[in-house]
1. Right, Ser34: closer than 27 Å to Ala140 by Cα, buried (at least 17 other Cβ atoms within 10 Å of the Cβ) and among the hydroxyl-bearing types (Ser, Thr, Tyr) or not?
2. Identify, from the list Arg80, Arg104, Arg122, the residue that is in contact with a strand residue (DSSP E or B) (Cβ under 6 Å, 6 or more places away or on another chain), of a type in the set (Lys, Arg) and either open to solvent by less than 10 Å² (accessible area, probe 1.4 Å) or more than 9 Å from the ligand (Cβ to nearest atom) (or both).
3. Taking the criterion of being within 20 Å of Glu193 (Cα to Cα), at pLDDT 95 or above, assigned to a loop (DSSP other than H, G, I, E, B) and of a type in the set (Ser, Thr, Tyr), would at least one residue in region 40-60 satisfy it?
4. Would it be correct to say that Thr223 is open to solvent by 50 Å² or more (accessible area, probe 1.4 Å) and of a type in the set (Ser, Thr, Tyr)?
5. Test of understanding: among Trp195, Trp231, which residue is closer than 28 Å to Ile48 by Cβ and either touching a residue at least 12 places away in the same chain (Cβ under 8 Å) or in a strand (DSSP E or B) (or both)?
6. Within region 25-63, work out how many residues are more than 9 Å from the ligand (Cβ to nearest atom) and not aromatic (Phe, Trp, Tyr).
7. Residues in region 125-156 that are within 12 Å of the ligand (Cβ to nearest atom), farther than 14 Å from Arg58 by Cβ and free of Cβ contacts under 8 Å to residues at least 60 places away in the same chain: how many?
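The values are calculated or read from the model by the stated rules, or taken from the named source; none is laboratory data. Being a predicted model, the structure only gives us computed values, none of them experimental. All Cβ positions, even for glycine, are placed from backbone atoms using ideal geometry, and neighbour counts span all protein chains on display. For accessibility, only protein heavy atoms count, side chains too; no ligands or nucleic acids. Shrake-Rupley method; radii C 1.70, N 1.55, O 1.52, S 1.80 Å.
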Amino acid sequence: MGRFDVESFRRLLRTRVMGQACYAFDVLASTNASMHVLGRSGNPEGTIILADQQTAGRGQADKVWISPPQCNLYVSILLRPLIAPTQAPLISLLTAVALVDALRQQGVECGIKWPNDVLIQRRKVAGVLAEMEMHQDTLAFVVVGIGVNVNMTQDALQKYLGPIAQTATSLQIALGHEIPREVLLAALMESLEQWYDRLITHGATGLQPAWEARSVMHGRRITAHTTEATWHGIAEGIDQAGRLRLRRDDGVLLTLTSAEVRFRD
Ligand code: BTN
């Protein structure tokens with residue numbers, strides 16, 4: 001392990017835009033929080049910030065993303081897509097697809113749990129937190145935060161995650177060996193650039209089937225907790241906008257924008 005080696009990452013990087021401007025820190029509160037500041041001061045698309053440790057890592061649904069030092073990837077990417085704010089959720093879907101491709105390239109069998117968790121078997125290995133910032137009615141920029149458990153042993157998971165350790169895993173646990181974070185980040189930047197270019201050039205067509213092809217949800221019995229209610233049923237995939245299609249046990253089809261999903265099987 002040790003500090004993230006920015007020079008070796010730069011040597012491995014094969015992108016035009018993603019990661020070409022790279023700011024690396026030993027410790028930050030949250031790379032997403034820092035990226036909002038860079039976004040507001042006009043930094044270019046594709047700029048990334050990474051930290052070896054976060055003291056206030058942010059997860060989905062206002063949860064904390066536990067970020068111990070020097071073993072994992074905590075990175076935020078700045079995007080300035082010329083899309084309507086209503087289309088911004090597509091960026092999260094796209095990131096999950098790109099993340100799965102980069103992890104599979106390292107030899108890890110993984111898939112997506114809606115909306116954008118990456119699982120190995122039933123355990124979470126990575127998550128995405130995309131936060132948009134508006135300027136009047138238009139989308140000013142999107143901060144895409146990615147956390148991946150890379151070189152954490154089972155003991156380290158237990159130590160840092162405590163009771164939720166059994167719901168999580170790492171690439172090292174899955175593969176039986178460490179992975180250089182520089183290699184993983186370079187692969188992730190490449191994969192993200194490919195999917196992002198495709199979205200910008202060809203629009204969202206193709207993204208939904210790509211997401212479905214990597215999803216572990218289809219046909220699974222799930223419980224979805226929303227702020228209004230808890231629903232039970234079968235996951236039937238997502239629609240074009242990335243909303244979850246849930247066939248309730250009484251046959252009614254629901255389309256959910258956000259929810260916390262648990263598998264029942
Ligand atoms: C999730 O809850 O699944 C999303 C986790 C996202 C964590 C990453 S780590 C880098 C970036 N900075 C943050 O504060 N959060 C994201």
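1. Yes, satisfied.
2. Of the residues listed, the single one that is in contact with a strand residue (DSSP E or B) (Cβ under 6 Å, 6 or more places away or on another chain), of a type in the set (Lys, Arg) and either open to solvent by less than 10 Å² (accessible area, probe 1.4 Å) or more than 9 Å from the ligand (Cβ to nearest atom) (or both) is Arg80.
3. Yes: one or more hits.
4. no
5. Only one candidate qualifies: Trp195.
6. Residues in region 25-63 being more than 9 Å from the ligand (Cβ to nearest atom) and not aromatic (Phe, Trp, Tyr): 19 in total.
7. 2
Residues checked against (1) among the charged types (D, E, K, R); (2) buried (at least 16 other Cβ atoms within 10 Å of the Cβ); (3) in contact with a Phe, Trp or Tyr (Cβ under 7 Å, 6 or more places away or on another chain):
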site	(1), (2), (3)
Arg16	yes, no, no
Thr55	no, no, no
Arg58	yes, yes, yes
Cys71	no, yes, no
